[in-house]
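Have a look at the structure below before the remarks.
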Amino acid sequence: MIKPDGHDELRNPNMRRIFECIRLNGPMTKKQIQSAAGLSWGCVSMLCADLLKREILCEEKTPQATAGRTPACLEINSSKHLIVGLDAGFDHMTAVVTDLAGHILLCENRFVPDRSGKQILPDIRAVIQSVLKQALQGSIVGIAVSLPGHMDAFRGGSVWAHLFGNFEPERLSLILEEEFGVPVLLCHAPDSMASAEHFFGAARDVNNFLFIQLSLGIGMGIMADGQIYRGKNGSAGELGHMTMNPRGERCHCGNYGCLETFSSVESILRRCTEAVYAGKAPLLRRHLDSGGQLTLATAAEAARSGDSYIKNIFLKAAHYAGIAVANAINLIDPDAVVLGGELSGYRDIFLGRLTDTVKSHVWSGKTDLRAAQLGSNAAAVGAASLLVPSVFSKLCESGAAGISSKDVT
Ligand SMILES: [Zn+2]
């Protein structure tokens with residue numbers, strides 16, 4: 001089992017520094033590496049030779065065409081050590097195969113309706129098997145699984161997510177490690193998305209930021225000094241269970257008045273349903289009576305078309321989410337906040353109100369709110385990126401056993 005902070009045990013920090021330079025900046029000459037990493041020429045030459053020998057790096061395959069002889073650039077070897085990143089969502093399963101730089105070599109998306117707790121492990125197993133069979137090059141040296149809900153990443157599972165029902169087994173990572181024979185890392189979904197935005201999206205220029213996922217549930221990934229902050233038990237960032245009103249509705253976590261009871265997609269849709277039955281949403285009622293579905297999109301359409309009660313449900317949800325985000329900013333003092341999840345796409349009836357509320361409740365007046373830039377692959381790619389430091393450490397120590405497509409039956 002891989003522990004989330006296993007990279008701290010890295011044998012040679014300078015080797016990692018060179019690797020991270022190329023991971024962040026792309027192909028570089030040794031001279032550029034020397035300048036960016038602040039290492040001596042002799043050190044860069046020796047460690048690059050070691051990284052080439054281990055096939056972690058390779059010489060750039062398609063160098064820029066320039067006149068005359070130019071020094072070769074080194075890049076991360078995308079045909080050798082690969083990672084499976086898996087996003088096991090409430091209604092979908094997305095798996096990617098990436099190289100150590102995070103480039104997606106393969107992607108598979110599956111819609112998984114009506115998921116029950118007992119079906120999660122077979123679903124995860126099936127999609128991993130599927131991408132392993134398709135991965136024709138290199139060898140898989142690790143698997144990272146991104147999961148929603150509350151989890152214990154340090155002990156390898158104990159996942160609890162009320163929308164999953166009774167999720168068994170509790171020791172998911174150990175079961176997958178035994179089955180596939182490579183290290184497995186479990187990641188909290190908002191942490192995965194925060195990492196993806198840090199390496200490939202809206203937060204590339206900042207090392208201290210919050211990623212807020214506004215979706216079926218509400219979660220937060222905390223990036224501190226370029227590392228995910230997980231807390232003592234790996235459960236930091238449960239913004240959705242910040243108490244907004246101790247006399248409020250009972251939350252599925254057992255407490256009362258949590259943010260999720262005000263602002264999650266689930267709570268918005270529940271309030272919309274109640275409004276329809278109470279006769280307060282005629283346009284939405286007409287849509288449902290004609291065979292339409294109640295979704296966030298159809299509720300938003302009714303709100304925009306004149307169902308003022310439905311519009312107020314969205315605005316009230318945005319107001320409480322804004323207060324919670326402002327509280328998080330006051331507490332953490334981040335460089336930026338990246339807003340993601342499906343609710344963040346509703347600028348007119350949700351995001352605008354959230355933004356105004358944040359600005360009026362942050363005491364310092366400093367708010368750098370950004371839209372997430374990555375799409376549906378973000379959690380899977382981000383999970384894979386969180387596994388890279390541990391995999392790199394293993395490769396530097398002794399090489400790592402992997403699996404190739406021919407090993408998969
Ligand atoms: Zn709660």
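The values are calculated or read from the model by the stated rules, or taken from the named source; none is laboratory data. Treat the numbers as computed from the prediction; the structure is a model and nothing was measured. No Cβ is skipped: glycine too gets one built from the backbone with ideal geometry, and neighbour counts run over all protein chains shown.
Quick notes on this structure:
- Top-ranked residue in the range 252-276 [being of a type in the set (V, I, T) and under 17 Å from F350 (Cβ atoms); ranked as nearest to the ligand (Cβ to nearest atom)]: T261
- Some residue of the range 277-291 being assigned to a helix (DSSP H, G or I), surrounded by 22 or more Cβ atoms within 10 Å (Cβ to Cβ), away from the ligand (no atom under 16 Å from the Cβ) and not hydroxyl-bearing (S, T, Y): yes
- Search result, residues across the range 98-123 that are buried (at least 20 other Cβ atoms within 10 Å of the Cβ) and either at pLDDT below 90 or touching an Asp or Glu at 6+ places or on another chain (Cβ under 9 Å) (or both): I120
- Residue check, F350 at pLDDT 95 or above, within 30 Å of G226 (Cα to Cα), out of contact with any strand residue (DSSP E or B) (no Cβ under 7 Å at 6 or more places or on another chain) and crowded, with 20+ Cβ neighbours inside 10 Å: yes
- Cβ-Cβ under 6 Å pairs, at least 6 apart or on other chains, the range 255-279 side over 29 Å from G237 (Cα atoms), far side part of a helix (DSSP H, G or I) and not small (G, A, S): A275/Y309; V276/L284; V276/R285
- Restricting the range 215-249 to residues that are β-branched (V, I, T) and under 16 Å from C187 (Cβ atoms), the residue that is surrounded by the fewest Cβ atoms within 10 Å (Cβ to Cβ) is I222.
- The residues listed here are A203, A196, A236; of these, the one that is in a loop (DSSP other than H, G, I, E, B), touching a helix residue (DSSP H, G or I) at 6+ places or on another chain (Cβ under 7 Å) and either at pLDDT 95 or above or within 16 Å of the ligand (Cβ to nearest atom) (or both) is A203.
Residues are listed down the side, and each one gets a yes or a no for (1) in the same structural domain as D87 (by TED's automatic domain parsing); (2) of a type in the set (G, A, S); (3) in a helix (DSSP H, G or I):
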{"residue": "S173", "(1), (2), (3)": "yes, yes, yes"}
{"residue": "V182", "(1), (2), (3)": "yes, no, no"}
{"residue": "C187", "(1), (2), (3)": "yes, no, no"}
{"residue": "D191", "(1), (2), (3)": "yes, no, yes"}
{"residue": "L210", "(1), (2), (3)": "no, no, no"}
{"residue": "L216", "(1), (2), (3)": "no, no, no"}
{"residue": "G219", "(1), (2), (3)": "no, yes, no"}
{"residue": "I222", "(1), (2), (3)": "no, no, no"}
{"residue": "K232", "(1), (2), (3)": "no, no, no"}
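- Qualifying residue in the range 1-11 (condition: at pLDDT 90 or above, surrounded by fewer than 19 Cβ atoms within 10 Å (Cβ to Cβ) and either within 28 Å of V184 (Cβ to Cβ) or not acidic (D, E) (or both)): no
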